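> The structure follows.
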Amino acid sequence: MKESQDIETATTALSPTNATGPPDNKARRYDRQLRLWAASGQNALESSRVLVINGTATSTSTLKNLVLPGIGHFTILDPSKVTPADAGNNFFLNGPHSIGKSRAEEEVRLLLELNDGVEGMADTRSLEEVLDTDPEWISGFTVVVAHNLDSKLLDRLATFLWSDDSHPCLFVIRSSGFLAEFYIQYHEHAIIESHSETAPSLRIDKAFPGLLEYAKSLDFKTMDPTEHSHIPYVVILVKALEDWKAEASLPHGGLPPQTYPEKQEFKKSIVAMKIKPDEENFDEAEAQAYKCWTSTTVPSEVAELFQDTRLTNITPKTPRFFVLLAALKEFTQQEPYALPLSSTLPDMKSNTENYVHLQKLYKTKAEEEKGVIKKLLAAPVPSDLVDSFVKNAHGLKLLKGKLWDALNGDKEALANSVGTLPKQVSAHLALSALATFHSDNPTATPTVDALTAEAKKILPELLEGWDDAVGEVVRAPFADLPNTAAFLGGLVAQEVIKMITKQYVPINGYCVADLVDSWTGVI
Amino acid sequence: MPATTQDWDERYYHVDQILEKPGPRTDPGFLAGDEVKEFLREKCKILVIGAGGLGCEILANLALTGFKDIHVIDMDTIDISNLNRQFLFRPKDVGNPKAIVAAEFIMNRVPGVTVTPYYGKIQDKDDDYYMQFNLVICGLDSVEARRWINATLVNMVDPENPESLKPLIDGGTEGFKGQARVILPTVSSCYECSLDMLNKPTAFPICTIANTPRLPEHCIEWASVLEWPRVHGDKKMDTDDPEHISWLYNQAAARAKDFKIEGVTWSLTQGVVKNIIPAIASTNAIIAASCCNEAFKIATSSAAYLNNYFMLIGTDGVYSYTFEHEKRDDCPVCGGEALDMSISSETTVEQLIELLIEKQDIQIKKPSLSTPTAQIYFQAPPQLEAATRPNLTKKVSELVPADGEITVTSTSLPFSLSLRISYT
Ligand SMILES: [Zn+2]
């Protein structure tokens, strides 16, 4: 995928946050989505360029959900004229008035009514013509979306886009009545802001010096009762763990609680510290006691990223994600063998003073560790990117993708999926069989037998759910039902937004939907 | 003029492929062909509740699938912050009623479809009104309104009259997450049955807000819950008024500064006091499509409908879960059995009331309590409130025998809840 390029859009884009006054009209318009992807995500959307091939109902449903939140530009590539059937199932055509007119032009006109800030173009060339004469034109986009494309043409498009990893990612959508699937073709997709729901470690088991000193400086026993009931649980645990480890003469001497009885004993010792039964801070400490024996290490998913060979040879051309990752790896190879500390402290029972003090300790230490990371960088990286990377280090993701349709040629992968996801694979095969059959016999009506024969070329042993899937596909081959189109349009737009903003985690595989039994699944 | 004259050849080319033949999982009772088309396009009457994020999508989908007699209720007017997803509205429509603008838009765009808007509350309408529909789809963001329509449709069911059972399809979204479900009143699990699945709104203890704030949110709550009434007396706070938000923001920011708390912004202030839930077009599209697809399948029998809950989480990949939510025997709306509740013999009436407000599977805002023979506490009218107020400090055990029943009612809900009380 291309980095953002349009300098004008980038500079007139939203400022991070106008913190002190009411928002301007643009921020008000986008308020409900800015709360999900912030100004950084919005700026990425506004500098993106989306190409949609084939102006079907599914395509315009997808575009609607991208024009509304404000992508920068879209082009619909479609040489066809509006048919009576199109006019009936597509909300972005003007009913019978659109029949006979250019489908792309009619749709662009009506889609642009949704948002003044978006630029839209109709291109009435055919994809074949573009691939023959000017394929590089396609690489000027951020994302390419193709719905129900002829399978031979689709293969050409996918191969072209796959040929260079700077080319845009490709969304392939296929649907037939109640059944549908989509796939995102990308080489690699690195995510810093995955919005992971797991909280970063507070490092209670490896308390940093400032925290340890603070905990030790408090004398719980002589404190006044109000003060006692407002010690933050983090401090209680750090102190309790220190005391526990200090009992060096006991069998566990020097170690945190290991066995079940030890853990129970430790918890009891926390409860025993209470001077009044209703001290909620000690209840919190008891509930969070496991943090004392859950050792803070580098999460395995992040550790796996350190294996990447690109980390060993950083050059000025190395993508920033890997420059940052290399520095992070080095950081974790020294004391305390963990990710840099997060500066965000969750809320906990405490008075303001103690909490704010604790927060300051975490912030100071986090800043210090970020400074270490910055020194370890082998190539320059903008400061705000380092901030974001360090803040989100516990949720880093690197998705590795495959060429479109690679699954159908990979007997082993297919066999693996069959075991766990028979219904999903059946639906995928039925849609694949229909696409191939139609490409080879454009005028023939697909039958169950014909598609079964086609599917057996991919997977000789058909499985549970095959009859259900193929029967539905034969019932309404390529039918673009308004509800299925809207459903797909929502799912695909959601994934396009994730790809463009590099926030949240997109699918890595084939997302299949069956709207008879109302389920989705990812193969 | 009958709607069909608006149809052009091949208008329903795509949908008709489904309606002209059954699929492998279609019920044998499906009447493929003209009969089902005629029912869908000329006879079926559907009600859409809500013309907001989900409602706009629902109306467009229904119109394209071939529903031609659509009614829509919404009590709201259009705000600029709706325009990032409510795609039937334009900047010029800001301030106008959603139901009316949406209905006009659909009728202009999709010829031959009649959309009848009602700009007002669902509670304005009676059983006769709801009885006229074949199906009801709900795209609401209010729990209270959903509980009301759910209870109303359950109460309307007359076992002697199959027509009185109106399938209710309910959708809801929050950010990248959402759910769609089919409720067959009295037959399947109802909205009330699943009340405990709702995320509990974050409530901050008053002592934290008043004495030990730690988060910017605590300072904002202080400004809106304690400072506003202290300074403005009875003057009502309007969370849609930017000047009110600015006032709250300034108060909260000053308090945060005193306490050295960082992070109070104008936008956060607005988010906390309005309880803003993030909303985007794409999630609404998925959930609305799912609701309309179920409506289409129920109206045509062209395929089995959802039994009965579809849940989607789109933050990490596309994860969804389809399952059957079970009916609760002690559901106050559809269950019939009393809910067992065990309290201490020391619990006062006031404490019991707090419990009823808090409890995840009850959540009744202003409960009134009575036994079969006596009134315990009534929120209204004022005379009755005054007469029963002394009971608030009494122990429940003084007023209700063990295993005795308490009936709980609330003016906001069209049903009562029976509690069977035991003491510990
Ligand atoms: Zn129920």
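> Restricting to segment A:480-506, what's the tally of residues that are at the interface with chain B (Cβ under 9 Å from one of its Cβ atoms) and surrounded by fewer than 23 Cβ atoms within 10 Å (Cβ to Cβ)?
So in segment A:480-506, the residues at the interface with chain B (Cβ under 9 Å from one of its Cβ atoms) come out as A:480-498, A:504-506.
Filter once more, keeping what is surrounded by fewer than 23 Cβ atoms within 10 Å (Cβ to Cβ): A:505.
Selection size over segment A:480-506: 1.
> Related question: Quick one: B:Asn155 ticks every box in (1) surrounded by fewer than 23 Cβ atoms within 10 Å (Cβ to Cβ); (2) away from the ligand (no atom under 16 Å from the Cβ); (3) over 13 Å from the mean Cα position of the chain (by Cα); (4) in contact (Cβ under 8 Å) with a residue 60 or more places away in the chain except a single one, so which number is it?
Going through the list (1) surrounded by fewer than 23 Cβ atoms within 10 Å (Cβ to Cβ); (2) away from the ligand (no atom under 16 Å from the Cβ); (3) over 13 Å from the mean Cα position of the chain (by Cα); (4) in contact (Cβ under 8 Å) with a residue 60 or more places away in the chain, B:Asn155 breaks only (2).
> Moving to a separate point now. So, of the residues in segment B:321-339 that are touching a helix residue (DSSP H, G or I) at 6+ places or on another chain (Cβ under 9 Å) and more than 9 Å from the ligand (Cβ to nearest atom), which turns out to be farthest from the other protein chains (Cβ to nearest Cβ)?
Step one: filter segment B:321-339 for residues touching a helix residue (DSSP H, G or I) at 6+ places or on another chain (Cβ under 9 Å), giving B:325-328, B:331-335.
Pick out the ones that are also more than 9 Å from the ligand (Cβ to nearest atom) and you get B:325-326.
On the way: B:His325: 13, B:Glu326: 18 Å.
Among those residues, the one meeting the criterion is B:Glu326.
> Go through (1) surrounded by 17 or more Cβ atoms within 10 Å (Cβ to Cβ); (2) at the interface with chain A (Cβ under 8 Å from one of its Cβ atoms) for B:Lys260 and report which single condition fails.
Evaluating B:Lys260 over (1) surrounded by 17 or more Cβ atoms within 10 Å (Cβ to Cβ); (2) at the interface with chain A (Cβ under 8 Å from one of its Cβ atoms) leaves (1) as the failure.
> Pairs only if they're at least six apart or on different chains, beta carbon under 6 angstrom, first in segment B:283-308 and within 14 Å of B:Gly139 (Cβ to Cβ), second among the acidic types (Asp, Glu) and at pLDDT 95 or above; list them, first residue then second.
Here the result reads B:Asn284/B:Glu57; B:Ala285/B:Glu57; B:Ala288/B:Glu57, each pair linking segment B:283-308 to a residue that is among the acidic types (Asp, Glu) and at pLDDT 95 or above.
> Quick one: A:Ile523 ticks every box in (1) out of contact with any Pro (no Cβ under 7 Å at 6 or more places or on another chain); (2) crowded, with 24+ Cβ neighbours inside 10 Å; (3) closer than 16 Å to A:Leu179 by Cα bar one, so which box is it?
(2)
> Since A:Ala444 meets every condition but one in (1) among the aliphatic types (A, V, I, L, M); (2) open to solvent by 20 Å² or more (accessible area, probe 1.4 Å); (3) closer than 30 Å to A:Ser48 by Cα, which condition does it not meet?
(3)
> For segment B:339-374, give me each residue that is assigned to a loop (DSSP other than H, G, I, E, B) and buried (at least 17 other Cβ atoms within 10 Å of the Cβ). Let's see the steps before the verdict.
Looking only at segment B:339-374, we keep the residues that are assigned to a loop (DSSP other than H, G, I, E, B), and these are B:344-347, B:359-367, B:371-374.
B:Thr347, B:Ile362, B:Gln363, B:Ile364, B:Pro367, listed by residue number.
> Give the residues of segment A:450-477 that are within 14 Å of chain B (Cβ to nearest Cβ) and assigned to a helix (DSSP H, G or I), sorted by residue number.
Passing the criteria: A:Leu451, A:Thr452, A:Trp466, A:Asp467, A:Asp468, A:Ala469, A:Val470, A:Gly471, A:Glu472, A:Val473, A:Val474, A:Arg475.
> For segment B:139-148: of the residues being away from the ligand (no atom under 13 Å from the Cβ) and either of a type outside the set (S, T, N, Q) or assigned to a helix (DSSP H, G or I) (or both), which is nearest to the other protein chains (Cβ to nearest Cβ)? Walk me through how you get there before you give the answer.
To start, the set of residues in segment B:139-148 that are away from the ligand (no atom under 13 Å from the Cβ) comprises B:139-145, B:148.
Pick out the ones that are also either of a type outside the set (S, T, N, Q) or assigned to a helix (DSSP H, G or I) (or both) and you get B:139-141, B:143-145, B:148.
Values: B:Gly139: 13, B:Leu140: 16, B:Asp141: 11, B:Val143: 19, B:Glu144: 21, B:Ala145: 20, B:Trp148: 25 Å.
Here the residue is B:Asp141.
> If you don't mind, another one. For B:Thr283, indicate whether it is facing another protein chain (nearest Cβ under 9 Å), on the phi < 0 side of the Ramachandran plot and buried (at least 16 other Cβ atoms within 10 Å of the Cβ).
On the way: facing another protein chain (nearest Cβ under 9 Å): yes; on the phi < 0 side of the Ramachandran plot: yes; buried (at least 16 other Cβ atoms within 10 Å of the Cβ): yes.
It is true that B:Thr283 is facing another protein chain (nearest Cβ under 9 Å), on the phi < 0 side of the Ramachandran plot and buried (at least 16 other Cβ atoms within 10 Å of the Cβ).
> Another question about this same structure. Consider B:Asn211 carefully, then state whether it is within 14 Å of chain A (Cβ to nearest Cβ), polar (S, T, N, Q) and either more than 16 Å from the ligand (Cβ to nearest atom) or at positive phi (or both). Break it down into steps so the answer makes sense when it comes.
Values: within 14 Å of chain A (Cβ to nearest Cβ): yes; polar (S, T, N, Q): yes; either more than 16 Å from the ligand (Cβ to nearest atom) or at positive phi (or both): yes.
Considered against the rule, which asks whether it is within 14 Å of chain A (Cβ to nearest Cβ), polar (S, T, N, Q) and either more than 16 Å from the ligand (Cβ to nearest atom) or at positive phi (or both), B:Asn211 comes out as yes.
> For the subset of segment B:170-199 comprising residues that are more than 16 Å from the ligand (Cβ to nearest atom) and open to solvent by less than 10 Å² (accessible area, probe 1.4 Å), which member is farthest from the other protein chains (Cβ to nearest Cβ)?
Taking segment B:170-199 first, the residues more than 16 Å from the ligand (Cβ to nearest atom) are B:171-180, B:199.
Now drop any that are not open to solvent by less than 10 Å² (accessible area, probe 1.4 Å), which leaves B:171-172, B:175-176, B:178, B:180.
Values: B:Gly171: 12, B:Gly172: 14, B:Gly175: 5, B:Phe176: 7, B:Gly178: 9, B:Ala180: 8 Å.
My answer is B:Gly172.
> Looking at the structure I just gave you, is B:Lys121 under 16 Å from the mean Cα position of the chain (by Cα) and more than 16 Å from the ligand (Cβ to nearest atom)? Working first, answer last.
On the way: under 16 Å from the mean Cα position of the chain (by Cα): yes; more than 16 Å from the ligand (Cβ to nearest atom): yes.
So B:Lys121 passes the test.
> Could you list all residues from segment A:293-302 that are of a type outside the set (Ser, Thr, Tyr) and either at pLDDT below 95 or open to solvent by 10 Å² or more (accessible area, probe 1.4 Å) (or both)?
Our first condition is that a residue be of a type outside the set (Ser, Thr, Tyr); within segment A:293-302, this holds for A:293, A:298-299, A:301-302.
A:Trp293, A:Val298, A:Pro299, A:Glu301, listed by residue number.
> Answer yes or no: is there a residue in segment B:220-241 that is more than 16 Å from the ligand (Cβ to nearest atom) and at the interface with chain A (Cβ under 10 Å from one of its Cβ atoms). I'd like the intermediate steps shown before the answer.
Applying the first criterion (more than 16 Å from the ligand (Cβ to nearest atom)) to segment B:220-241 yields B:220-241.
Those still in the list that are at the interface with chain A (Cβ under 10 Å from one of its Cβ atoms) too: none.
For segment B:220-241, residues more than 16 Å from the ligand (Cβ to nearest atom) and at the interface with chain A (Cβ under 10 Å from one of its Cβ atoms): absent.
> Just checking, does segment B:30-43 include any residue being facing chain A (nearest Cβ under 8 Å) and without any contact (Cβ under 8 Å) to a residue 12 or more places away in the chain?
If we filter segment B:30-43 for residues that are facing chain A (nearest Cβ under 8 Å), which is where we start, we get none.
The answer is no; no qualifying residue exists.
> I need a count of the residues in segment B:6-29 that are without any contact (Cβ under 8 Å) to a residue 40 or more places away in the chain and either open to solvent by less than 80 Å² (accessible area, probe 1.4 Å) or among the hydrophobic types (A, V, I, L, M, F, W, C) (or both).
First pass over segment B:6-29, keeping only residues without any contact (Cβ under 8 Å) to a residue 40 or more places away in the chain: B:8-11, B:13-14, B:16-17, B:20-21, B:24, B:28.
Of the ones still in play, those that are also either open to solvent by less than 80 Å² (accessible area, probe 1.4 Å) or among the hydrophobic types (A, V, I, L, M, F, W, C) (or both) are B:8, B:11, B:14, B:16-17, B:24.
Within segment B:6-29, residues that are without any contact (Cβ under 8 Å) to a residue 40 or more places away in the chain and either open to solvent by less than 80 Å² (accessible area, probe 1.4 Å) or among the hydrophobic types (A, V, I, L, M, F, W, C) (or both) number 6.
> Something else about it: Quick one: how many residues across segment B:228-243 are at pLDDT below 95 and within 20 Å of B:Ser267 (Cα to Cα)?
So the count comes out to 7.
> Which residues, counting only those in segment B:311-338, are assigned to a strand (DSSP E or B), without any contact (Cβ under 8 Å) to a residue 60 or more places away in the chain and of a type outside the set (Ser, Thr, Tyr)? Full working, then the answer.
First, pick out the residues of segment B:311-338 that are assigned to a strand (DSSP E or B): B:311-313, B:316, B:319-323.
Retained after the next criterion (residues that are without any contact (Cβ under 8 Å) to a residue 60 or more places away in the chain): B:316, B:319-323.
Within segment B:311-338, B:Asp316, B:Phe323 qualify.
> Now for a different question. Spot the failing condition for A:Glu197; the list is (1) under 22 Å from A:Asn392 (Cα atoms); (2) touching a helix residue (DSSP H, G or I) at 6+ places or on another chain (Cβ under 8 Å); (3) in a loop (DSSP other than H, G, I, E, B), and only one is missed.
Result: A:Glu197 fails condition (2) only.
> Applying the selection to segment A:333-373, what residues are touching a helix residue (DSSP H, G or I) at 6+ places or on another chain (Cβ under 8 Å), in a helix (DSSP H, G or I), open to solvent by less than 60 Å² (accessible area, probe 1.4 Å) and polar (S, T, N, Q)?
Within segment A:333-373, A:Asn354 is the sole residue that qualifies.
The values are calculated or read from the model by the stated rules, or taken from the named source; none is laboratory data. Quantities reported herein were computed from a predicted structural model and do not represent experimental measurements. Heads up, the Cβs are rebuilt from the backbone with ideal geometry, glycines too, and the neighbour counts pull from every protein chain shown. Please note that ligands, DNA and RNA were not included when accessible areas were found on the heavy atoms of the full protein model with its side chains. Shrake-Rupley method; radii C 1.70, N 1.55, O 1.52, S 1.80 Å.
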